[in-house]
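Here is the structure we will look at, set down as structure tokens.
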Amino acid sequence: MMFRIFIAFLFALTATHHLSAEPTGMPVVQLPVNIAADDGEFTLHVDWSKKPDGTVTAYIVNRSKKPIRLYTLYDKCTLKLEAQNSAGEWERAQVHYDELCGAGFGHYDLQPNTWIMQSHGIAHSGTHQERRPVRLRGYDVNFRIASNSGIANVDIDVIEDAKRDTMAIRFANIDELKDIIYERIKFDLLVPPYLPRRPRQHAVWALGAPHHPHDEAMKLLRDLSVDKDQDLAAEAKSVLAQKRDHRNGER
């Protein structure tokens, strides 16, 4: 089990490569003719022709009327492979590990009528694989669109692992976060062996995401800021301060 987690960790680190275009992007007139990108839309299109190194090419195209802010880690947009199950549901098929120090975080604005591309690894080394419909999806607050679909092998064990990593908490709804915070469920958080498992703190931090109802999240954070668990209370106070600063900055 630990060996599989370690391999998944290495794969997560190498799943994407540096963007191949400048932050300003390339003009849409230079977009390959086989890449679909409708006028007025923000599009993620994947060329599913896998290269010898196990990667596919993703095209991120902004044909909208306004710049799109993309958040990056070491110049890479956060893309993840998703696979479709027998019920027709899409599940994340790559695990995520958070950046340890935050030094690699960045962002830039993709201007209207420009595009960038990046390679994304989809190869798996596990023994429990199935061939399924797949797609890539953006996993940040401004980039949640899904790509066109293809067919590829996916690791079933990795799909299960992805349900209990920090990204699963980050994109959980507020009721699911409450279940984790108040320990109504046992959440066996997947983290590298050298990091502590603290799913409750991760869930409190996730309350700062903008997709949660603001008033409900703020009330929950205020309640948690006086929790007897000092680590939990400190996390709640930090998120409260960030949300207030963000709110004041919008005024």
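The values are calculated or read from the model by the stated rules, or taken from the named source; none is laboratory data. Everything numeric in this text was worked out from a predicted model, so none of it was measured. Positions of Cβ are generated from backbone atoms using ideal geometry, with glycine treated the same way; all protein chains shown enter the neighbour counts.
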Given (1) assigned to a strand (DSSP E or B); (2) surrounded by 18 or more Cβ atoms within 10 Å (Cβ to Cβ), number of the condition Ala236 does not satisfy:
(1)
Which of the helices (runs of 4 or more DSSP H) found entirely inside region 139-200 contain at least 3 residues meeting this: more than 27 Å from Asp227 (Cα to Cα)?
156-162
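Conditions (1) farther than 19 Å from Leu73 by Cα; (2) among the β-branched types (Val, Ile, Thr); (3) under 18 Å from the mean Cα position of the chain (by Cα), marked per residue:
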{"position": "Tyr97", "(1), (2), (3)": "no, no, yes"}
{"position": "Ala103", "(1), (2), (3)": "no, no, yes"}
{"position": "Arg137", "(1), (2), (3)": "no, no, yes"}
{"position": "Asn142", "(1), (2), (3)": "no, no, yes"}
{"position": "Ile174", "(1), (2), (3)": "yes, yes, yes"}
{"position": "Leu189", "(1), (2), (3)": "yes, no, yes"}
Number of positions in region 143-190 that are of a type in the set (Gly, Ala, Ser), buried (at least 16 other Cβ atoms within 10 Å of the Cβ) and touching a strand residue (DSSP E or B) at 6+ places or on another chain (Cβ under 7 Å)
5
How about region 68-95: which of its residues are more than 16 Å from the chain's Cα centre (by Cα) and more than 26 Å from Asp161 (Cβ to Cβ)?
Ile68
Under 8 Å by Cβ, and 6 or more places apart or on different chains, what pairs join a residue from region 226-246 that is free of Cβ contacts under 8 Å to residues at least 40 places away in the same chain with one that is surrounded by 15 or more Cβ atoms within 10 Å (Cβ to Cβ) and acidic (Asp, Glu)?
Ala233/Asp227; Ala236/Asp227
Kindly check whether there is at least one residue in region 57-68 that is surrounded by 15 or more Cβ atoms within 10 Å (Cβ to Cβ), more than 15 Å from Leu110 (Cα to Cα), at pLDDT 95 or above and in contact with a Pro (Cβ under 8 Å, 6 or more places away or on another chain).
no
Under the condition of being assigned to a loop (DSSP other than H, G, I, E, B) and β-branched (Val, Ile, Thr), which residue from region 75-134 is nearest to Ala146 (Cα to Cα)?
Thr78
Answer yes or no as to whether Asp140 is within 12 Å of Ala83 (Cβ to Cβ) and surrounded by 15 or more Cβ atoms within 10 Å (Cβ to Cβ).
no
Do we have Ala87 as on the phi < 0 side of the Ramachandran plot and in contact (Cβ under 8 Å) with a residue 24 or more places away in the chain here?
no
Could you tell me how many of the residues in region 36-54 are within 15 Å of Leu110 (Cβ to Cβ), touching a residue at least 40 places away in the same chain (Cβ under 8 Å) and in a loop (DSSP other than H, G, I, E, B)?
1
Quick one: which of Asp188, Asp175, Asp179 is more than 18 Å from Asp140 (Cα to Cα), out of contact with any His (no Cβ under 6 Å at 6 or more places or on another chain) and touching a residue at least 24 places away in the same chain (Cβ under 8 Å)?
Asp188
